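Working notes, beginning with the structure itself.
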Amino acid sequence: MSELQPAIDFLILADKAEAVNGKLYMMGGGWDLLTVANSEAPMVFSCALGILVPWLATNLDHRCMLHLQNADGGTLFEMTIGFRAGRPPHLEEGATQRLMIALPLSVQFQKPGVHVLVAQTGGDEKRARFEVRHAQPT
């Protein structure tokens, strides 16, 4: 990790995630298989990010890009998140901070197969690979 750029510590898929007061709250986190009952309806889930921000990168504007690739390599969505980590008075000089971000996502998965959520910031990248299966009619 560069002293001037943030780095992604982790990227986790979850049924639901929230980041509150520097803490991450998740339900159903860490999955790698998503069963879709109706390919015409969007699936709602969350991604949780931990971003490490070095001392010299605090109080600056940064961006994190997210994109979801489908089984064919096509992009289902892209988004850019802006973030800024302040420097609290109790932080020891030179210390790195972990910034918690949780995002709800709504995606329509028309095709089954392997998908990858990619997060990029400051030249760093993390990937969360998962398989989408369509439920069999009963």
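Data table
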{"quantity": "Residues located in region 99-138, provided they are hydroxyl-bearing (Ser, Thr, Tyr) and surrounded by 15 or more Cβ atoms within 10 Å (Cβ to Cβ)", "calculated": "121"}
{"quantity": "Those residues of region 78-117 which are small (Gly, Ala, Ser), under 21 Å from residue 20 (Cα atoms) and touching an Asp or Glu at 6+ places or on another chain (Cβ under 9 Å), in sequence order", "calculated": "82, 102"}
{"quantity": "Long-range neighbours under 9 Å by Cβ, at least six apart or interchain, first residue more than 9 Å from residue 70 (Cα to Cα) and touching a residue at least 40 places away in the same chain (Cβ under 8 Å) within region 105-116, second assigned to a loop (DSSP other than H, G, I, E, B) and among the acidic types (Asp, Glu)", "calculated": "108/40; 110/40"}
{"quantity": "Filter result (outside any strand (DSSP E or B) and either more than 25 Å from residue 131 (Cβ to Cβ) or hydroxyl-bearing (Ser, Thr, Tyr) (or both)) within region 16-62", "calculated": "21, 22, 39, 54, 55, 56, 57, 58, 59, 60, 61"}
{"quantity": "Flag for residue 50 being within 16 Å of the chain's Cα centre (by Cα) and free of Cβ contacts under 8 Å to residues at least 40 places away in the same chain", "calculated": "no"}
{"quantity": "Conditions (1) at pLDDT 95 or above; (2) out of contact with any Pro (no Cβ under 8 Å at 6 or more places or on another chain); number of the one not met by residue 51", "calculated": "(2)"}
{"quantity": "Residue in region 81-103 that is within 19 Å of the chain's Cα centre (by Cα), free of Cβ contacts under 8 Å to residues at least 24 places away in the same chain and assigned to a strand (DSSP E or B) present", "calculated": "yes"}
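The values are calculated or read from the model by the stated rules, or taken from the named source; none is laboratory data. Please read these numbers as outputs of a predicted model, since none were measured by experiment. Backbone-built Cβ (ideal geometry, glycine too); neighbour counts: all protein chains shown.
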